[in-house]
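Student: Below you will find the structure I want to go over with you.
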Amino acid sequence: MRYSIILLVFLYINLQATILVNTPNNIDLLPNSEIYHDIGNHETINTILKKNDKFITTNKKVVDYCILAPEGVWIKFQLYNPTSSPIKKIISFENIFLEEIELYKIENQKIVSKKTTGFYHLKSFEGTVKLNVPVTLNPKTTQDYYLHVKNEKLSLWFKPIIHDPKEFKKEDTAKQVIWALFFGGILSLVLYNIFIFIFTRDEIYLYYFLYLIATLMQSEFSIYVKLYLFPMHDIEFLKKSMYFNLFYTNVFVTFTMTLFIRYFLNTKLYPKIDLSLKLIIFIIPVYYALQIFNIFTVPQVILFQFLTPYYYFGIGIYALYKKNPQAKFFLLGWSFALLAWLSLFFKFFGLLPEQYVFTYTFETLIMAEVILFAISLAYRIKTLEKKKNDLTQTLLVQQQNESNRLEKIVNTRTQELNNELKQNELLLKELHHRVKNNMQFITSLYALKLNDNNDKHIQEKLYDVERKIHAMSIVHQMLYNQKNLVNIDAKEYFEKVLQNIKDSFELENITFELDINSFLDTEEAIYCGLIVNELVTNAVKHAFDSKGGIIKISLNSVDNGTLLEVSDNGIGKSANTKASFGEMMVESLATDQLEGKLQVVVDKGTHISLWFKNKNQKSNGEYNDS
């Protein structure tokens, strides 16, 4: 009886350590095996075969050490094929960053065969994304295996599972599809943001584009893309590729995110925070340069990568406290990113048991993050467009208000000017009226003086002065009676001057011919009136005998000026006659006041012409001379 119990216990223990492979279901390898933790990677297959007593059993399904030092794990297990046909199985490992995996087939403590895989042995993409080792068991056979998994840089994390080939292919294909969707989704956002940057020149889209590129470079799927596009056959190059991912790509994610955060949250509003982000942006290129000499270690890089996301999260909380409109989007999106990176660190460095981490946690959270940030950036475009429309509308309203205000000011000022103009017109008319009255008063005084004086010579002088005063008063009388206070109708004016002369003399045989085709301003009218009065009076007195004659007066625009002509067909002026006061006055008015050219021609009478510039031409001439 005692021997039967011992036999049963031995059989139970033996069967428990042996894995039956005649099932299509997945089998967790670790619970059915024994393991040995090789810290420092000192053991070889030859030494480990002598240390079977060092192996221990475990209930864990995942190897998740975290010492960040060279380490390896030896797993001893047996596979049993109870069927009469060969069975093929595949042992897979979830972690692609396992540097080297060796599977030894052992019989009688001797190596029968060895299969090797691992990150350093990936030469090209072979159709699967999981590291795996195939095994084949003959019928009715129990086979011993030693599995050796080691890392030099990263902590060991892997979950060994025995698959049926068909089931493995199905799971691996599903993972490829999920990774392809993840990769394609982010790639589409990369293209979307770079196009927006090209058309808008908004730097925030450039920095988000760089962040998405860094995220793609960080993902596991990017490794297979590189292997597919650029097959590698040099193990040292693969080691450098892993080194680059560890020390450069991961830090580049932080660098691009720092650039993005500065513009997304507009941290220029918070000078101290903005200065710290600028410092990080400056430090990272310095880190890249120093890392050429292998100055920094894996734990230091991990610490930096671990702390900066929390700092950025704190910045988001502060921005939310300051009522930054973008802060809520940032905090939600960054929460996803923070959880994604933490899950990645926990997964690769064994900080969290595998059973608590969803297989596609990183991809799911990162995808949620980039979609949320993409939505927020689209919302940013909508917000900027709304601000632009509101600003345009505000500017239009302000422009309309300003136009109305200016129109009101112009109307008010126009009304004021019109009122002032009317007032000035009234004052000017009143002035002309008073000047005319004063001149009439002076004329009346001369008339009274004439009645008291019987000396004909003196009377003639007084009449001459009276006519001159009357000629000037006519101008003021006409200005007072008309709306235009600038110009005088020369024809009407000269007719009134001649009428006053006619009233002063008995002119039975003298006729007047007028050819007036121009207007004169006030000043020109007074001077021309005095000149015509003087010339016509002289002609009436001295040019004709008892037979009489004709006096012609013309005023026309000639050569951008005005030509005044007074002529008669009388006996003509004598050349030896001394110039009278009237003649000197005419010459002075013509040359000094009108700045004209006076010409006297005696031929079958006397012809006097005066050409002068009009007032506008005089102003232009003075301006050009200056």
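The values are calculated or read from the model by the stated rules, or taken from the named source; none is laboratory data. A quick note: this is a predicted structure, and the numbers were derived from the prediction, not measured. All Cβ positions, glycine included, derive from the backbone under ideal geometry; neighbour counts span all protein chains shown. In case anyone asks, the SASA skips ligands and DNA or RNA and just uses the protein heavy atoms, side chains included. Shrake-Rupley method; radii C 1.70, N 1.55, O 1.52, S 1.80 Å.
Student: Between region 108-150 and region 64-86, what's the alpha-carbon centroid distance in Å?
Tutor: When both Cα centres are located, 10 Å separates them.
Student: Work out from phi, with θ = phi - 60° and the Karplus expression 6.51 cos²θ - 1.76 cosθ + 1.60, the ³J(HN,Hα) of each residue of region 56-61, listed in order in whole Hz, and give x for Gly and Pro.
Tutor: 10, 8, 8, 9, 6, 9
Student: If region 47-144 were replaced by its equivalent ellipsoid, with semi-axes equal to the square roots of 5 times the Cα gyration tensor eigenvalues, what would those be, largest first, whole Å? Each step should come with its number before you reach the end.
Tutor: Working: eigenvalues 112, 81, 36 Å².
In descending order, the three semi-axes are 24, 20, 13 Å.
Student: In addition: Mind putting a number on the dipole of region 10-119 about its Cα centre? Charges go on the C-beta only, +1 for Lys and Arg and -1 for Asp and Glu, and I need it in Debye to the nearest 20.
Tutor: 440
Student: Would you mind calculating the relative contact order of region 108-231 from Cα pairs under 8 angstrom and at least 6 residues apart, reporting the percent as a whole number?
Tutor: Numbers: 59 pairs, mean separation 43.0, N = 124.
Once divided by the residue count of region 108-231, the mean separation gives 35 percent.
Student: What ³J(HN,Hα) values, in whole Hz, does the Karplus curve 6.51 cos²θ - 1.76 cosθ + 1.60 give for region 47-54 when θ = phi - 60°, with x put for Gly and Pro?
Tutor: With coefficients 6.51, -1.76 and 1.60, one gets 6, 6, 5, 9, 10, 4, 6, 7 Hz.
Student: Find how many whole Å separate the alpha carbon centroid of region 39-61 from the alpha carbon centroid of region 517-544.
Tutor: 138
Student: First measure r as the distance between the Cβ atoms of Phe512 and Lys597, then evaluate 1/(1 + (r/R0)^6) with R0 = 30 Å and state the FRET efficiency to the nearest 0.05.
Tutor: That gives a FRET efficiency of 0.75.
Student: Continuing with this model, one more query. Straight-line reach from Lys408: which lysines fall under 27 Å, measuring Cα to Cα and dropping same-chain residues less than 8 apart?
Tutor: Lys422
Student: How much accessible surface does Asp515 have with a 1.4 Å probe, in Å² rounded to 10?
Tutor: For Asp515, solvent-accessible area is about 70 Å².
Student: Same structure again: Among the lysines, which fall within straight-line cross-link reach of Lys573, defined as a Cα-Cα distance under 23 Å, with same-chain neighbours fewer than 8 residues apart omitted?
Tutor: Qualifying lysines at Cα under 23 Å: Lys461, Lys468, Lys502, Lys541, Lys547, Lys552, Lys597, Lys604.
Student: Also, I was wondering about something else. Residue by residue through region 268-285, which ³J(HN,Hα) values in whole Hz follow from phi under the Karplus form 6.51 cos²θ - 1.76 cosθ + 1.60 (θ = phi - 60°), with glycine and proline marked x?
Tutor: 4, 6, 10, x, 5, 5, 4, 5, 5, 5, 4, 5, 4, 4, 6, 5, 4, x
Student: Let me ask something else about it. Taking amide H atoms as placed 1.01 Å from N in the peptide plane, list the residues 5 or more away in sequence, or in a different chain, whose amide H sits under 5 Å from that of Phe158.
Tutor: Residues meeting the criterion, in which the H sits 1.01 Å from N, are Val63.
Student: Note the count of lysine pairs whose C-alpha atoms are less than 23 angstrom apart in region 180-339, limited to pairs 8 or more residues apart or on different chains.
Tutor: 12
Student: I've got another one for you. In whole percent, and with a 1.4 Å probe on the protein chains, what portion of the accessible area of region 78-217 is carbon and sulfur? Could you put the intermediate results ahead of the total?
Tutor: Numbers: 3470 of 5980 Å².
Using a 1.4 Å probe with all protein chains present, region 78-217 comes out at 58 percent carbon and sulfur.
Student: Give, rounded to the nearest 20 debye, the magnitude of the charge dipole that region 73-201 has about its Cα centre when Lys and Arg contribute +1 at Cβ and Asp and Glu contribute -1 at Cβ.
Tutor: Dipole about the Cα centre, nearest 20: 140 debye.
Student: Shifting gears a bit: Could you list which residues have their amide H under 5 Å from that of Gly572, counting only those 5 or more apart in sequence or on another chain, with H placed in the peptide plane?
Tutor: Gly605, Thr606
Student: Another question, if that's okay. Need the list of aspartates and glutamates near Lys150 for cross-linking: C-alpha distance under 17 angstrom, and skip anything on the same chain fewer than eight residues off.
Tutor: Cross-link targets: Glu34, Asp38, Glu43, Asp64, Glu71, Glu94, Glu99, Glu100, Glu102, Glu236.
Student: By the scheme Lys and Arg +1, Asp and Glu -1, what is the net charge of all other residues having a beta-carbon under 11 Å from that of Thr47?
Tutor: Surrounding charge for Thr47 is +1.
Student: Between Ser124 and Thr200, what FRET efficiency follows from the Cβ-Cβ distance if R0 is 45 Å, with the result rounded to 0.05?
Tutor: The formula returns an efficiency of 0.65 here.
Student: If we sort 317-329, 199-211, 50-62 on the protection proxy, mean other Cβ atoms within 10 Å, highest first, what's the order? Write down the numbers at each step before the final one.
Tutor: Numbers: 317-329: 15.3, 199-211: 18.5, 50-62: 12.7.
Ranking the peptides 317-329, 199-211, 50-62 by packing returns 199-211, 317-329, 50-62.
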